[in-house]
Amino acid sequence: MINQNCFNNQKHYQRGILLKQKTFTTFDGQKILKTLPELCLDLLSEQKKEWLDLREGYESLVGVKERDLPCKRSSVRLQYNPIRIKSTTADVGKNNMKERRCILCLDHLPKDQKGILYRSNYLILCNPMPVLSSHFTVSHLDHRRQAIDEHIDTFLQLMADFGSGWTALYNGPKCGASAPDHLHFQAIPSGKMPIDKEIREEKRLSLMAQVDGVLLYRVRDLGREVIILEGDDPKVVGETFKDFLNGLKKVLSVNEEPMVNIAGFYKERKWHLMIFPRRKHRPDAFFMEGNARLVVSPGVIDMAGILITPVDKDFERLDAATVESIYQEVSLEEMTVKRVIDTMLPKDSRV
């Protein structure tokens, strides 16, 4: 027992040294000399100087091609981003997870990578395969599974700490997370995804229910299902989200976390959660061979309207009909989502 305690103490000591080496600065929400976004942008600027892979990743954005694709009911921005090939094609099967080195574990981070120690339990890192001009990963210090249910409070806190002008992101372990065995979130500037504009159109929002001050909307005419929770009390917003997640479990008859992508932002003292309920990780075309294959693997950014492909051929040939079909294939059906809403709330709270 004494030897085991000595081993644990030594391991804890070594981890502390490594964490100190990897910490650019600290944000604990107490003594705030700079806001969290300011610290993140300082980190990004410094890491571009010190970390070659990150600098090259951001330089590659210059060669990224984009084109807007008007669909029947919404607009989608296609992005050809070859540096995303590893993320898009990541093998997230259980066997591969056991064999590979976790890319987010502290002792596996690249030598020159540093981050912001966030509220003692997370490290905010610059994403070396960015989609936008600022793209951060918020990784837990411990190697623990990707799961939103028990960490929704942290996600809501992250939204508030980043403040208006930023969006926090979550990919479920079976629908977009390239490291499903390690808890992490992402953060990007707000206003960059097509859905950011679309949800400001009042005609898009259908109020489905109100519970303890939390409004539950369904977004109309996007060609995929999106639910929005809006409220000014993070605790109640978090509980309402858990109710929705439990409703999904009941309707879908699953015990594990239902497939969801989430984009959240804090604006005008209110928390807004955009939830994309899913039924599939990847479209069938992803698994085809030869010319029939489309290398598209939707995560939260894709579901929010920036559809990323690392293959130039796919970027050039994707059309509105194909994109609409992909969204419909991977998104949960409208009637199923309505059933979830009906079962999660008391009858007297329905609108």
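Brief remarks on what is shown
- The alpha carbon gyration tensor of region 214-351 gives principal lengths a ≥ b ≥ c with a/c of 1.5 or higher and a/b greater than b/c, which makes the shape prolate.
- Charge dipole of region 137-248 about the Cα centre (unit charges at C-beta), most positive-ward option of MET193, ASN171, HIS182: MET193
- Karplus-derived 3J(HN,Hα) values for region 101-117, using 6.51 cos²θ - 1.76 cosθ + 1.60 with θ = phi - 60°, are 7, 5, 6, 10, 5, 3, 7, 10, 5, x, 3, 8, 7, 10, x, 9, 6 Hz; glycine and proline are entered as x.
- Size of region 229-308 as Cα extents on the principal axes (Å, biggest first): 51, 32, 13
- Furthest towards positive pole of dipole, THR88, THR23, VAL64, structure part the chain, Cβ charges: THR23
- For region 61-197, fraction of C-alpha pairs farther apart than 27 Å, in %: 24 percent
- As a length-normalised measure over Cα pairs under 8 Å and 6 or more apart, the relative contact order of region 12-135 settles at 41 percent.
- Average projection area in nm² (convex hull over Cα atoms of the chain, one quarter of hull surface): 19.6 nm²
- Here region 151-282 is treated as a sphere whose radius is the Kirkwood value from Cα pairs; by Stokes-Einstein at 20 °C and 1.002 mPa s it diffuses with a coefficient of 142 µm²/s.
Throughout, read-outs are computed from the coordinates displayed, never taken from laboratory work. All of these numbers come straight from a predicted model, not from anything done at the bench. Glycine gets a Cβ as well: all are built from the backbone with ideal geometry, and neighbour counts include every protein chain shown.
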